[in-house]
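Chemist: Below are the structure tokens for one structure; questions will follow.
Quick note: the coordinates plus some simple rules give every number you see, no bench work behind them. Given the structure is predicted, the values throughout are model-derived calculations rather than measurements. A quick note on method: Cβ atoms are made from the backbone with ideal geometry, for glycine too, and the neighbour counts reach across all protein chains shown.
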Number of protein chains: 2
Amino acid sequence: MAKGKSAAKPAKASGPAVSPLAPKSYPSLPPLAGVRLSTGAAGVRYKDRTDVVLAVLAPGTQVAGVFTKSKTASAPVDWCKANLKAGGARALVVNSGNANAFTGKAGYDGARQIAESTAAVVGCRPSEVFMASTGVIGEPLPANRITKLLGALAETGSAAGWRAAAEAIMTTDTYPKLATASAMIDGKRVTINGIAKGSGMIAPDMATMLSFVFTDANLPASVLQELLAAAVRPSFNAITVDSDTSTSDTLLLFATGKGAHHAAVTKAYDKRLNEFRQRLDAVLLSLALQVVRDGEGAQKLIRIDVSGAESDDAAKHIAMSVANSPLVKTAIAGNDANWGRIVMAVGKSGEAADRDKLKIAFGNQIVAENGARALKYNEAAATKAVKGREVEIAIDIGLGKGKARVWTCDLTHGYIDINGSYRS
Amino acid sequence: MAKGKSAAKPAKASGPAVSPLAPKSYPSLPPLAGVRLSTGAAGVRYKDRTDVVLAVLAPGTQVAGVFTKSKTASAPVDWCKANLKAGGARALVVNSGNANAFTGKAGYDGARQIAESTAAVVGCRPSEVFMASTGVIGEPLPANRITKLLGALAETGSAAGWRAAAEAIMTTDTYPKLATASAMIDGKRVTINGIAKGSGMIAPDMATMLSFVFTDANLPASVLQELLAAAVRPSFNAITVDSDTSTSDTLLLFATGKGAHHAAVTKAYDKRLNEFRQRLDAVLLSLALQVVRDGEGAQKLIRIDVSGAESDDAAKHIAMSVANSPLVKTAIAGNDANWGRIVMAVGKSGEAADRDKLKIAFGNQIVAENGARALKYNEAAATKAVKGREVEIAIDIGLGKGKARVWTCDLTHGYIDINGSYRS
């Protein structure tokens, strides 16, 4: 909490109650050497809650990142991409309430102003400052509300501020998202801590996906980038809430190198990183699933497994066609084991499929095979398989060896309520 | 009405009330030489309403068609595609209540059974019988309920059954869809009559798009096919309700050649067809807009014009990205002039776009330009522009000369109600 702002409470969901799919408890993240966190209430848009996070990173910290593919990306995304090449990072500043997207030159100036102010209080170059903004788009960012807090934030950083940081970056999120793991590298234990926000892959208006992952391992930016690219495919790139892509999606991975000393590792596929890779994947998957579990209006988590496609890419494309189908998502919302809509979504994907080879199951109930309803089809059992909070759909295309797994949530009245109400 | 079935009423929407976007009145379609229509109540799924149409076509009738691109198309689609090459047609049979899709060999057998029975009563080859089915998928089609009516239907056909035919093919439609026009070819007046059904592009479960268009002009199948391919692009291929594509979408164009005698025309771009082309385009556009106006849950018709894209294809792709965005559609539903979501949808399309060149207008209110909110932005005026039943969005990409126009509807609680309830 920034000095002088002790009255500000941590963020609370301003919208509906906590998602029924929320984790039962939140993990307690341990301190991570080389990271000091602080939060403040800048009043960018929200009142009476925190909305800014500053992470001060030890000298020598390395960084990697992946970003939205949007052609209309936000000013902070442009800033981070431009400064990622050098590989060094000394600070991260994140605000909620305003995305600083589609804000033209003023938006870029605001981003630079934040970077320069942060650099001044941290003692680094502006290019070593990374940032993200989430909230409404098209509104000018009141950067000075943020910059005037930075001095106090830099002084009050602590190693224990993970939960507070995860709360300060929430927008339509109904709960904070945190994950932690540890791994051995070269016989030394290192830690991975991550936070995220998002109620979808989705949307500029209060629902961007942001995630920041930190480790005290000693890894160069090139290795981090390769690990991140591999870890993001089956996690953040395998979830969808509503097929809409934010202008601001940002995932940054920082390595401070200030944990237990281990030998230098210069290749991502060095076997000494096997466990680390696995744990990093797990942290990203945990955060990604926490995002989809908080999907706007979500009442159910839906896992879709596609096998037997012509290639892994084809399988992913089919899985996403099913996961993004409004008709599939509304059927599941209504406890309707409507496998006909799955057939439709497979068919519309454009990938190779053969009606007569397709096999579809809800849970362990095979509902369709050999070009028709399964002979052993049991409506009651199929309905039971889609009634719970977690629904598993398996689709065997029957043509090849390509496979993919993705997650989505159902499409409910809650989604319409959240997104169809006038901006307040 | 089939003989002995006089108790059956025409179809009525079993779901919600008539769409608020429905036409104020339905056009009265004139008789069309060479087409005799009849409807019957086969009880395929619905009770106490008509659900089968038979159109008997004069000898020499030519046919063209376009179909769903789904890789899991229905048995009737497969049947029509296979028989389209020969170019001749003597009958059309359409049923509602069951789509005969994903029904395997039994489905194909049912389609053939209908074709053979129809051929027997009409006196033609089975390959001259075209057909379409719409309704639930995956359920075996009770073909015999249809075939046993065919004899009576063939005897009772009339030249005046257009409205009854449009009603018999309805599923979740809330009103029948009809359009008519006339044109001069070579100094002779010909007629074009069309009917359609659909509450979206969408979905196997009761919401397939079907359309059947008839003319008494004398045109060969090759010309019809070329005219149809051109006419479908700015009409049926420019509408979307929810991005889901049916396994059964079918559009057939029949020319009986039994109207006023005109000289043979063998090329689609013969200037003697100029007026005919224009009127055919208008009939298809009218029918397509009637479908989107009946979009499931629709409260508003949304027109999206994209200009300044790199190509017409790029413009269409961007326009469809906006039209299919759940966040854009829910915003409009909520009377929210949320242009940030349009920026998002343009950005996610993947087509070339430059934030700083983009211009967006609701009605005649420019809301964004030069990479930021328009200087003259007026929230009240922008809100007013999205409050009505018809909303116009114009997007200038500012890069090239490509343009496209598409239509969609808003995404409302009604869509969730219709699609999220258990199949009854």
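Chemist: What distance in nm separates the two pseudo spin-label positions at B:D109 and A:R389, each 7 Å out from Cα along the beta-carbon direction?
Modeler: 4.7 nm
Chemist: Ok, one more. Going by alpha carbons, how many degrees (0 to 90, nearest 10) lie between the helix axis of A:75-84 and the longest principal axis of chain A?
Modeler: 80 degrees
Chemist: Tell me which residues come under 5 Å, amide H to amide H, from A:N370 once H is placed; ignore anything under 5 positions away on its chain.
Modeler: So A:N370 has HN proximity to A:L358.
Chemist: Could you tell me the ratio Rg/Rh of the protein assembly as shown? Both radii from Cα atoms, Rh via Kirkwood.
Modeler: Reported Rg/Rh (Cα atoms, Kirkwood Rh): 1.03.
Chemist: Also, I was wondering about something else. Put a dot 7 Å past each Cα toward the Cβ at B:R405 and A:K401; how far apart are the dots in nm?
Modeler: Going from the A:K401 label point to the B:R405 one covers 5.2 nm.
Chemist: OK, next. Report, for A:G187, each distance to the same residue's label point in the other copies, shortest first and in nm; define the point 7 Å along Cα→Cβ.
Modeler: 10.3
Chemist: Please go through the residue pairs A:K69/B:K357; A:K85/B:K401; A:K359/A:K403; A:K197/A:K401 and name each one whose alpha carbons sit more than 24 Å apart in this structure.
Modeler: Going by Cα-Cα distance, A:K85/B:K401; A:K197/A:K401 fall outside the 24 Å limit.
Chemist: Given only helices, namely DSSP H runs of n ≥ 4 each adding -39500 (n - 2.57), what is the per-residue ellipticity at 222 nm of chain B, to the nearest 500 deg cm²/dmol?
Modeler: Value at 222 nm, helices only, nearest 500: -9500 deg cm²/dmol.
Chemist: With an 8 Å Cα cut-off and a minimum separation of 6 or more residues, compute the relative contact order for chain A in percent.
Modeler: So the answer I get is 17 percent.
Chemist: Multiply the residue gap between A:D313 and A:R233 by 0.36 nm, knock off their C-alpha separation, and tell me the result in nm, one decimal place.
Modeler: Fully extending the segment from A:D313 to A:R233 adds 27.7 nm.
Chemist: For the range B:147-204, what size does the Cα cloud have along each of its three principal axes, sorted from largest down, in whole Å?
Modeler: Principal-axis extents of the Cα atoms in the range B:147-204, largest first: 42, 33, 17 Å.
Chemist: Through the Karplus equation 6.51 cos²θ - 1.76 cosθ + 1.60, θ set to phi - 60°, convert the phi angles of the range B:291-297 into ³J(HN,Hα) values in whole Hz; use x for Gly and Pro.
Modeler: 5, 6, 5, 9, x, 4, x
Chemist: Continuing with this model, one more query. Check A:I185: other-chain or 5+ apart residues with amide H under 5 Å from its amide H, H built from backbone geometry?
Modeler: So A:I185 has HN proximity to A:V190.
Chemist: Okay, moving on. In sequence order, what are the phi-derived ³J(HN,Hα) couplings for the range A:348-355 according to the Karplus relation 6.51 cos²θ - 1.76 cosθ + 1.60 with θ = phi - 60°, rounded to whole Hz, with x for glycine and proline?
Modeler: 7, 5, x, 7, 4, 7, 10, 2
Chemist: Can you tell me the length gained on complete extension of the stretch A:A380 to A:K69, counting 0.36 nm per residue apart and subtracting the Cα distance?
Modeler: 107.7 nm
Chemist: Quick one: if the Förster radius is 60 Å, what FRET efficiency do B:H261 and B:D48 give, using the C-beta to C-beta distance and rounding to 0.05?
Modeler: E between B:H261 and B:D48, to the nearest 0.05, is 0.85.
Chemist: What are the nm distances, shortest first, from A:D109 to its equivalents in the other copies, labels at 7 Å along Cα→Cβ?
Modeler: 7.6
Chemist: Follow-up question, since we're still on this one. Taking the square root of 5 times each eigenvalue of the Cα gyration tensor, what semi-axes in Å does the equivalent ellipsoid of chain A have, largest first?
Modeler: Semi-axes, largest first: 39, 25, 18 Å.
Chemist: Among A:M209, B:M320, what is the fewest-to-most ranking by other Cβ atoms within 10 Å?
Modeler: The most exposed by this proxy come first: B:M320, A:M209.
Chemist: As an exercise, use a Förster radius of 41 Å and the Cβ-Cβ distance of B:E116 and B:V18 to find the FRET efficiency, rounded to the nearest 0.05.
Modeler: Once the sixth-power term is evaluated, E becomes 0.60.
Chemist: Which of rounded, prolate, oblate describes the range B:310-424, given a ≥ b ≥ c as roots of the alpha-carbon gyration tensor eigenvalues and a/c under 1.5 marking rounded, otherwise prolate only if a/b is larger than b/c?
Modeler: The shape class here is oblate.
Chemist: Nm distances between the label at B:R272 and the same-position labels in the remaining copies, 7 Å along Cα→Cβ, shortest first?
Modeler: Distances between equivalent label points, in nm: 8.5.
Chemist: To make sure I understand, if each residue's beta carbon is the centre and we count other beta carbons within 10 Å, what order do A:S133, A:S182, A:S321 fall in, fewest to most?
Modeler: Fewest-to-most ranking of A:S133, A:S182, A:S321: A:S182, A:S321, A:S133.
Chemist: Could you work out the mean count of beta carbons from other protein chains within 10 Å of each residue's beta carbon in B:244-256?
Modeler: Mean shielding by partner chains, rounded to a whole number: 2.
Chemist: If you don't mind, there's one more thing I want to ask. Test of the criteria: in the range A:240-329, which trypsin sites (Lys or Arg not before Pro) are in a DSSP loop and have at most 12 other Cβ atoms within 10 angstrom of their Cβ?
Modeler: Of the trypsin sites (Lys or Arg not before Pro), the ones in loops of the range A:240-329 whose Cβ has at most 12 other Cβ atoms within 10 Å are A:K267.
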